[in-house]
Amino acid sequence: MTRSILLVTENANLAARLSRLIGDWKLIEAPSLPPEFLLSRYDQTMIIFDIQHQVLVANQRANLELLRQQFSGPLLAIGYHQAGSALACTLLENLHFDDVLDCLMTDSELRARISQKIWSATHRERIASIPTQTLQVGRLMIDFQHYQVTAGGKRLEMGPLEFRLLVFFVQNANVVLTRGQIAEGVWHNRRDATMRAIDSHISKLRKLIELDAKMPAYLVTVRGFGYQFKTEMEVAD
């Protein structure tokens, strides 16, 4: 079945632009937020909601909350001059949208942001569907059932936070993650995770999993952006 993106908009120009950017993906347009039963008719990988031509009134907010509850894929909003706006903050913090795009972004940035969200979602689906509690990641063996990690057959003395940090990186393998994304994904509260705390725990994790922490093979620093966990994973027998 063709994977598709549902775009909720009445803006034909926006639809044409996104259709051009997503290439082989199928773009389905809807003039308004579809009722709950309509969602089952689509094989959506992502939903993009045009907030420039939609008014966020009380009943629509309730619909968006329902949409977020029933749709586990990437849910994005798009509009003009939305970066840092009060509406963008509401969508991200209260309605749990995955991102707010701005039409003033270049085509390259829009394409990159949409592609990254799709890749991340499908990658998490693959991790979630692994029918085992053990995962081989290079020389590392992660036992999710017993919260243990071994390297070359030797058990690593890893604390709960380092274990959660490793699992988060594995779930987002080969994706460049900012410190903000790491704080939200591992600490679940940005205020509790300072840059120094994040860097400190990543340093501890490197010392545990790397053969040479000063020349990491797995957990690399991407200067100016954040960190990337580079690996190919295999399901253990």
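Things worth noting here:
- Restricting attention to the stretch 198-227 and to residues that are aromatic (F, W, Y) and more than 16 Å from G152 (Cβ to Cβ), the residue that is surrounded by the most Cβ atoms within 10 Å (Cβ to Cβ) turns out to be Y227.
- Looking only at the stretch 74-101, and only at residues there that are under 18 Å from the mean Cα position of the chain (by Cα) and in a strand (DSSP E or B), the one that is surrounded by the fewest Cβ atoms within 10 Å (Cβ to Cβ): D99
- From T106, T122, T90, residue being of a type in the set (S, T, N, Q) and either modelled with pLDDT under 80 or not assigned by TED's automatic domain parsing to the domain that holds F71 (or both): T122
- Of all residues in the stretch 10-25, exactly one satisfies the criterion of being surrounded by fewer than 15 Cβ atoms within 10 Å (Cβ to Cβ), part of a loop (DSSP other than H, G, I, E, B) and not acidic (D, E), namely G23.
- Some residue of the stretch 150-168 being modelled with pLDDT under 85 and surrounded by 13 or more Cβ atoms within 10 Å (Cβ to Cβ): no
- Close pairs from the stretch 100-121: first more than 11 Å from I22 (Cα to Cα), partner charged (D, E, K, R) and assigned to a loop (DSSP other than H, G, I, E, B), Cβ under 6 Å, at least 6 apart: K117/D98
- From the list L67, L92, the one residue that fits, being touching a strand residue (DSSP E or B) at 6+ places or on another chain (Cβ under 8 Å), hydrophobic (A, V, I, L, M, F, W, C) and under 17 Å from T9 (Cα atoms), is L67.
The values are calculated or read from the model by the stated rules, or taken from the named source; none is laboratory data. Treat the numbers as computed from the prediction; the structure is a model and nothing was measured. Heads up, the Cβs are rebuilt from the backbone with ideal geometry, glycines too, and the neighbour counts pull from every protein chain shown.
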